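The values are calculated or read from the model by the stated rules, or taken from the named source; none is laboratory data. Computed from a prediction, not measured in an experiment: that's the story for all the values here. Reconstructed Cβ throughout: ideal geometry from the backbone, glycine too, with neighbour counts over all protein chains shown. Ligands, DNA and RNA are stripped out before the accessible areas are found, and what is left, the full protein with its side chains, is counted by its heavy atoms. Shrake-Rupley method; radii C 1.70, N 1.55, O 1.52, S 1.80 Å.
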Amino acid sequence: MSAQAGHGASVRIEACGKTFADGTRALEPATLEIARGETLVLLGPSGCGKTTMLRIIAGLELPDAGGRVLFDDKDMTAVPIERRNVGMVFQSYALFPNMTVSDNIGYGLKIRGIPNKERAARVAELVALTNISGLENRRIDQLSGGQRQRVALARAVAIRPGILLLDEPLTALDAALRDRLRGELNRLLRALGITTIYVTHDQSEAMELGDRVVVMQKGAIAQIGTPREIYFTPRRRFVAEFIGAANIVEAAIEGGYLVLPGGRQPIHCDVDMPAAVAMIRPETIRVTSAGSASLSGTVDSVSFIGDRQRLVVSGASNRLLTVDAPNTVRVRLGERIGLSISPDAVRLLPPEN
Amino acid sequence: MSHKSFVWLCLLPLAVLTVAFFLLPMVRLVVTGAEGPQGLAGYLAILSEPRYRATLVNTVLLAAATTVVTLIVATVAGMFLQRHRFPGRAVLIAMLTFPLAFPGVVVGFMIILLAGRQGLIGDFSNRLFGEKLVFAYSIYGLFLGYLYFSIPRVILTIMAAVQKLDVGLEEAARSLGAGPWAVQRDVVLPALAPAFVASGAIAFATAMGAFGTAFTLATNIDVLPMLIYTEFTLAANFSISAALSVGLGIITWFILALARSFSGSAVAATG
């Protein structure tokens, strides 16, 4: 696997938009740069344009006039996918049903005219790398979902692509398998070191796999950043709510405090505002006794999850507040509790228009 | 009445119909075939008698050629029609499937209008080369007629199969470097194999047994249905025509079974 380290192209897309024949705008003109060897995740709900962007990079869709796709600063816009040297993993895996596992993996090499012996060696290498030894002569319909996913990945990587493109590669699997394969995929991508673009609607996948995450909404890029930046400093309400759990608080700011129904919450903001929007992550809220607290509320529900418990608190904010408390804290339904939140954990968001 | 006897009672009409209109005539046909002067050997006449054997070979070749050419034409057309949207597409599909409604006589008539003595092609070649090209009354005219009514049957099956093709497979092949021809060869055609077998079998069986077109074009075309007809009506040779009928059925069935088992592995692999 070290043979591939450092193999990979940088990608730049410039003003790439996509309007379909019926006039729908799938993607607003977007510009994006992906460094050599980087793993970039395109994240967003269905219909946000992430797959369209991936397909433009792959060469399966042509961007609207004016858009350009560059690999290593070479203009690839007019080059069809078969000559872009990209490895692609599809959501349905798209494995060839008329070929065995090893014929699937070796197909790209066969097309390239690689001699049988060399091809067999490369296939064996990938079979070992993706942990599918013993399945080489199986037909595709004899494989489980997880095995198919590995074969699809092995087939895409076999051609030593400059860029690896993955379109929701784990979505078709059940939850437990998805979690396990996610870790495996992460280690594999790190080991390969190929430039990777990964499309998903699952924020935990995006967080774990991405060097950087591009959050997309309604055909446009909402925010680009590392998983930490996206999580801790969302620039829009959409990003805050899409990544992890978030309490959105709408209140006035007076003298550095959010003025809430259940009291006052300090915030890093010197300007007074009549209507501000702020985000508070559930795990940043500490439960205290009601007496001394500057912000308090009533426990509406308690869900014990195991590693923590999730409280829903009413009366503190203008809407219900979700609080992740340690599993050792004892609270009763209807109990009045204090809420302690560091001003660092309160993130002011631009008002939605 | 128990549940079981109720089911049996419901099956009774089917059983009566099957016996009366399928089993009895078949048995009678088989018996008649063995009642000729040669007895059971009459069944071998289709292979041993040179004239019958030549007709059999002719018929099989004609049916095979019809099947192959139909599949090629229908695949290209069906793929195009399924994959492209253009004005007039619905009308074109309706026109292509129109011949389904025609009996063989009408098809034969149309072939005569096209390639007969007063036909379009003859007129055209007469003006160009000073010679009338007439082939309606030969096996070539018959071939054209069979193509005409086989294509609609096959095209509909192929279009349905193309619709079910996973476009992702073609995109995956392309991403691995396959050009248009390689994609067709390695992905599309193998995936369509079951449809080829199913629709090809119908085209072949129809071409083996079709009678109306041949009868309209000429009475002396060498195909098995015509031979059966002449033996039956003109020579009143009941036993031989019965033996030939059974032979036609068995040989068609055998070739279809052979095609199915050959493609069996391909079908299983694509399933």
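Just checking the listed ones, B:Ala191, B:Ala178, B:Ala115: in the Gaussian network model of chain B with Cα springs under 10 Å, the one fluctuating most is B:Ala178. Solvent-accessible surface of chain A, taken per residue with a 1.4 Å probe and all protein chains present: 44 Å². Mean-square fluctuations from a GNM of chain B, with a 10 angstrom spring cutoff on Cα atoms, peak among B:Leu56, B:Leu128, B:Leu192 at B:Leu128. Ordered from largest to smallest accessible area (heavy atoms of protein chains, 1.4 Å probe), the residues A:Glu205, A:Glu118 come out as A:Glu118, A:Glu205. In a shell of Cβ-Cβ distance under 12 Å around A:Val199, excluding A:Val199 itself, what net charge do Lys and Arg (+1) and Asp and Glu (-1) give? Once positives and negatives cancel, what remains is -2. In order along the range A:223-237, phi translates into HN-Hα couplings of 6, 10, x, 5, x, 5, 4, 5, 6, 8, 10, x, 9, 9, 4 Hz, rounded to whole numbers, per the Karplus curve 6.51 cos²θ - 1.76 cosθ + 1.60 with θ = phi - 60° and x for Gly and Pro. Placing unit charges on the Cβ atoms of the charged side chains and taking the dipole of the protein assembly as shown about its Cα centre, the candidate lying farthest along the positive direction among A:Gly334, A:Pro266, B:Gln118 is B:Gln118. Using the Cβ-Cβ distance between A:Arg286 and A:Asn131 with R0 set to 30 Å, the FRET efficiency from 1/(1 + (r/R0)^6) comes to roughly 0.10. Karplus-based coupling profile of the range A:331-343, in residue order and whole Hz: 10, 10, 4, x, 6, 8, 10, x, 10, 10, 10, 5, x, with θ = phi - 60° in 6.51 cos²θ - 1.76 cosθ + 1.60 and x standing for Gly or Pro. Across the range B:160-236, C-alpha contacts under 8 Å between residues 6 or more apart give a mean separation that, scaled by the residue count, equals a relative contact order of 21 percent. When accessible surface is computed with a 1.4 Å probe, chains A and B are found to bury approximately 1800 Å² between them, both chains counted.
Only the Cβ atoms of Lys and Arg (+1) and of Asp and Glu (-1) were treated as charged; on that basis the dipole of chain B about its Cα centre amounts to roughly 400 debye. Take every DSSP beta bridge whose two residues both sit in the protein assembly as shown; close to 75 percent of them are antiparallel. Note on A:Asn318 and B:Ala101: their simple-model spin labels are 6.8 nm apart, each label 7 Å out from Cα toward Cβ.
Rolling a 1.4 angstrom probe over the protein assembly as shown with all protein chains present gives an accessible area of which 62% lies on carbon and sulfur atoms.
From its DSSP helices (H runs of at least four residues, each -39,500 (n - 2.57)), chain B gives a residue-normalised ellipticity at 222 nm of -24000 deg cm²/dmol. In chain B, the ratio of gyration radius to Kirkwood radius, Rg to Rh, stands at 1.05 when only Cα atoms are counted. A simple spin-label model places pseudo-atoms 7 Å from Cα toward Cβ; at B:Phe254 and A:Arg138 they are separated by 4.2 nm.
Applied to the range B:63-70, the Karplus parametrisation 6.51 cos²θ - 1.76 cosθ + 1.60 on θ = phi - 60° returns per-residue 3J(HN,Hα) values of 5, 5, 4, 4, 4, 5, 5, 4 Hz, with x for Gly and Pro. Spread over its residues, the convex hull of the C-alpha atoms of chain A is 170 Å³ per residue. Look at the alpha carbon pairs under 8 Å that are at least 6 residues apart: their mean separation over the length of chain A gives a relative contact order of 17 percent.
Over the range A:21-102, the reciprocal of the mean inverse Cα-Cα separation, the Kirkwood hydrodynamic radius, stands at 14.7 Å. Taking A:Ala65, A:Ala176, A:Ala191 in turn, the Gaussian network model of chain A (Cα-Cα springs below 10 Å) assigns the largest fluctuation to A:Ala176.
Taken about its Cα centre, chain A carries a charge dipole of about 840 debye when Lys and Arg each add +1 at the Cβ and Asp and Glu each add -1 at the Cβ. If I take R0 = 22 Å and measure r between the Cβ atoms of B:Ala41 and B:Phe232 in this structure, what FRET efficiency does the formula 1/(1 + (r/R0)^6) give, to the nearest 0.05? So, using R0 = 22 Å, E works out to roughly 0.70. In degrees from 0 to 90, rounded to the nearest 10, what is the angle of the helix A:116-129 Cα long axis to the longest principal axis of chain A? Around 20 degrees separate the two axes. Between B:Val91 and A:Arg228, the C-beta separation translates, for a Förster distance of 56 Å, into a calculated FRET efficiency of about 0.40.
Placing +1 on each Lys and Arg Cβ and -1 on each Asp and Glu Cβ, with no other charges, gives the range A:1-145 a dipole about its Cα centre of roughly 340 debye. Our Cα-only numbers for the protein assembly as shown put the radius of gyration and Dmax at 36.1, 119 Å. Max-minus-min Cα coordinates of the range B:159-271 on each principal axis give 66, 28, 20 Å, with the largest extent listed first. Pairs of lysine residues in the protein assembly as shown that meet both criteria, 8 or more places apart or on different chains and Cα atoms under 25 Å apart, total 5. The residue among A:Ile13, A:Val151, B:Tyr146 whose Cα reaches farthest toward the positive pole of the charge dipole of the protein assembly as shown, with charges on the beta-carbon of Lys, Arg, Asp and Glu, is B:Tyr146. The shape of the range B:48-122 comes out oblate: with a ≥ b ≥ c from the C-alpha gyration tensor, a/c is at least 1.5 while a/b does not beat b/c.
Think of chain A as a dipole: +1 on every Lys or Arg Cβ, -1 on every Asp or Glu Cβ, centred on the Cα centre; then among A:Val127, A:Gln309, A:Gly244, A:Val127 lies furthest on the positive end. In chain A, the DSSP-assigned H stretches of four residues or longer account for a calculated mean residue ellipticity at 222 nm of -7000 deg cm²/dmol, using -39500 (n - 2.57) per stretch and the full residue count as denominator.
In units of the rule-of-thumb radius 2.2 N^0.38 Å, the range A:257-353 shows an alpha carbon radius of gyration of 1.08. How far, in degrees from 0 to 90, does helix A:101-111 lean away from the longest principal axis of the Cα atoms of chain A, to the nearest 10? So the inclination is approximately 70 degrees.
A simple spin-label model places pseudo-atoms 7 Å from Cα toward Cβ; at A:Leu333 and B:Phe80 they are separated by 7.1 nm.
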